[in-house]
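The values are calculated or read from the model by the stated rules, or taken from the named source; none is laboratory data. Source: prediction; values computed, not measured. Cβ placement follows ideal geometry from the backbone for every residue including glycine, while neighbour counts extend to all protein chains displayed.
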């Protein structure tokens, strides 16, 4: 007989009311937008009746109705039935311009003919060989990755199935090669699902039980203090992202990143650069432009051509990757689908599609979108004062958990919020909006007492105007987008600001 587990973790579950509406800031007054949000969500349910039905049915088989937490949205996510070019069609027949881009994995759009042909040709010859794939597959995949990213430090590469696996293998190798146990990572950093450090990180999480120490991103002096608190021989690796993509699209300061590289060298620790998401920003990777020299680099997302993919690699001269050589090394790395023909075929053609010309076209479009939205916010007086430098703050700037999509409470308890409080002392604090990011990876942020409601209302507003993005404000552009789509997004954003201007000022 099956016995129901006693609810020993009852305190970590949400009440029914918490599932629909965003939480209030501790000690804040009543959010004046909650009533408006309730009405908006009711309209959303009515407008997307088929998606709502699909969600309810999915809840019978999946916890929460999905099998990928980041896709959750409140009160429920849309269900899509077709994607073509840069457009998605929902189960209710509504078309949306895709500004989410599958978190950069969908950078090619949804129906690239070259990718479809490459996958079809590969599968026409059978699959799951249980052996090496011919020069059109595994080895060619190796070649295009090392050619593209060897200037960033990938001269030897191993494929995985995800960025999570890639970072896991990189950290594991670091522990072995140094004989140490501690990994320095950064608050609000997401190095994949089991290596996640949101500012709201609680004792209940699914992180690997490694010995992590955390410092503030972009904070050299703070990081020095953290390192000084440890014995020199403790740190095995420093892992960092040049842009904290899922952490709010916060761009790394060049001096900070070079400081980490130098510090890792001085400590004889392994310097790992996570480029799972941000390798799409520059042809050889952003770390190459910054002049970094990592020991290990990880890839994922778009490099797989839209299929499941991850990779980790390093230079030939330091010997770390040679540990995985079964002829001379001591580390194993065997996963069933590391060299599956679907991913290898899609990756090879995908890297060719997203070539230097496409990269130099797409990322300026993202910069154009960012500057135009910023101009709108400044025009209407809702952007934080430029002296606050909100766009470069190292603090968490997400009103939802940046890694799961779940609402975790207002985020600006420090950092930007503290500066805003100082700036606005003696008067009522404003609700601000700002945008951060680099190139094709962007995020819209909100602050102050209506932060949660404004973020949710913004998402619903953009959907009403045919713009699909993450509910937390994240956007990743794809190559099918053009300036016309950018202007549509900017116009919708300005309409939102005008509509809620009384609350924002």
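Annotations
- Residue among 133, 107 that is out of contact with any strand residue (DSSP E or B) (no Cβ under 6 Å at 6 or more places or on another chain), at pLDDT 90 or above and in a loop (DSSP other than H, G, I, E, B): 107
- When the criteria are applied in full, residue 326 fails the requirement of being part of a loop (DSSP other than H, G, I, E, B) and closer than 30 Å to residue 258 by Cα.
- For segment 273-288, the condition holds for no residue, the condition being that it is over 27 Å from residue 106 (Cβ atoms) and surrounded by 15 or more Cβ atoms within 10 Å (Cβ to Cβ).
- When residue 466 is tested against (1) in contact with a strand residue (DSSP E or B) (Cβ under 7 Å, 6 or more places away or on another chain); (2) modelled with pLDDT under 50; (3) surrounded by fewer than 21 Cβ atoms within 10 Å (Cβ to Cβ), exactly one condition is not met: (2).
- Residue in segment 214-237 that is under 16 Å from residue 297 (Cα atoms) and buried (at least 22 other Cβ atoms within 10 Å of the Cβ) present: yes
- Meets criteria (buried (at least 21 other Cβ atoms within 10 Å of the Cβ), at pLDDT 95 or above and outside any helix (DSSP H, G or I)) for residue 449: no
- Candidates 442, 504, filtered to the one that is in contact with a helix residue (DSSP H, G or I) (Cβ under 9 Å, 6 or more places away or on another chain) and modelled with pLDDT under 95: 504
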